[in-house]
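Just below is one structure, and these are the notes that go with it.
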Amino acid sequence: MPSPELGADMRRREFLSLVGGTVVVWPLTARAQQPERMRRIGALIALAENDPEQRARNTAFLNRLDELGWKEGRNLRIDYRFSEGVSDPERMRAHARELVALSPDLILAQTNPALTALRQTTSTVPCVFVQVSDPVDSGFVKSLAHPGGNLTGFTNFEPEMGGKWLEVLKENAPDIVRAVVLRQADLSVHSAYLRATETAGRQFGTAVIAAEVRSVADIERAVTALAAEPRSSLIVLPSPVHFVHRDQIIALAARHRLPSIYPLRLFANAGGLMSYGIDQIDQYRRAAGYVDRILKGEKPADLPVQAPTKYELVINLKTAKALGLTVPPSVLARADEVIE
């Protein structure tokens, strides 16, 4: 049996050991409970905040970020600026300046006008872009494989798509001899689409006419003038103005019984005859992957610009019947969706 002095000494050592253990454990627990570092990103969006198609894209983007561990309100804050599809470069530049002034870790830019505004505003804030056409010839990046600088992202359509849109339109409306191309006047990439469409027009014996538009009034004038000519058709290029005014464009095409082709599924879903274009939801999910990599330390200059991986052909049979068109079985067989 230990002496009283020895027993007291053992108890003191046990107490000091316990206290020492507590001193070690408390700081570890405190560190574990510290909140995660909040990262901040901006989003420069060309469409309206309440546009249902844009909401679906934003949701896909956020859901993918969440899967990657970035939760809005916990370790991520997103500041949005919406330009409502208005063709106003100064407004876009003002939104770009506002976002850059917030000192974000990164900015998501949607469409060529948004990326142009950001490029004019900053050369240092990392940027991931979506729905951008021809980024090399537009001067945004040095090359697709090695973009350099602070910009990288996901391309929209290759210029050759202009010819493909006319080809698909001609398959479904072989009697057309004229195609008017609705283009946004201040988008240089539309010139490349137009050249490809003109080349295809010579092959298919179809006259191609450009109609420069900036507003719904311009669109109405262009489509009404087109309708005065027999055997005419309409090709709508991708642009924020066309996206915002899609219901008016589709209604005009129906009123004047014009076979028309559009760049995205949302047009066919809204009553357009057909669409051939990329899967936008997939692009926003892929963009979230690049945001994750940049927030974890990779540089935009080292991330290659990626081309679309999935194209969709959507046919609206209800609209085809209203126009008196019979969609060939070969087209129906390769369509990704047929709207009855």
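Miscellaneous remarks
- Working value for region 38-169: equivalent-ellipsoid semi-axes of 24, 18, 16 Å, each the square root of 5 times a Cα gyration tensor eigenvalue, largest first.
- Computed from Cα atoms, the angle from the helix 112-121 axis to the main principal axis of the chain rounds to 50 degrees.
- The chain - share of DSSP beta bridges that are antiparallel (%, nearest 5): 10
- Peptides 203-210, 160-167, 116-123, 68-75 ranked from most to least packed give 160-167, 116-123, 203-210, 68-75, packing being the mean of other C-beta atoms within 10 angstrom over each peptide's residues.
- Spacing of the modelled spin labels on A185 and D247, each 7 Å from Cα toward Cβ, amounts to 2.6 nm.
- In degrees, nearest ten, helix 4-32 long axis to first principal axis of the chain (Cα): 10
- Expressed in units of 2.2 N^0.38 Å, where N is the residue count, the Cα radius of gyration of region 194-234 is 1.27.
- For S233, the residues whose modelled amide H falls within less than 5 Å of its own, excluding neighbours fewer than 5 places apart on the same chain, are R178, A179, V180.
- Listed options for Rg/Rh (Cα atoms, Kirkwood Rh) are [x] 1.23; [y] 0.98; [z] 1.09. The value calculated from this structure is the one marked [x].
- Cβ crowding within 10 Å averaged over residues, with 277-284, 296-303, 216-223 ranked highest first: 277-284, 216-223, 296-303
- Axis angle, to the nearest 10 degrees, between helix 216-227 and the longest C-alpha principal axis of the chain: 30 degrees.
- Estimated dipole of the chain in Debye, rounded to 20 [Cβ of Lys and Arg +1, of Asp and Glu -1, Cα centre]: 320
- Computed about its Cα centre, the charge dipole of region 111-232 is approximately 140 debye, with only Lys, Arg, Asp and Glu carrying charge at their Cβ.
- C-alpha center-to-center spacing [region 237-263, region 283-297] in angstrom: 32
FYI, it's all coordinate maths here, none of it is from the lab. Everything numeric in this text was worked out from a predicted model, so none of it was measured. With ideal geometry, Cβ positions are generated from the backbone for all residues, glycine too; neighbour counts draw on all protein chains shown.
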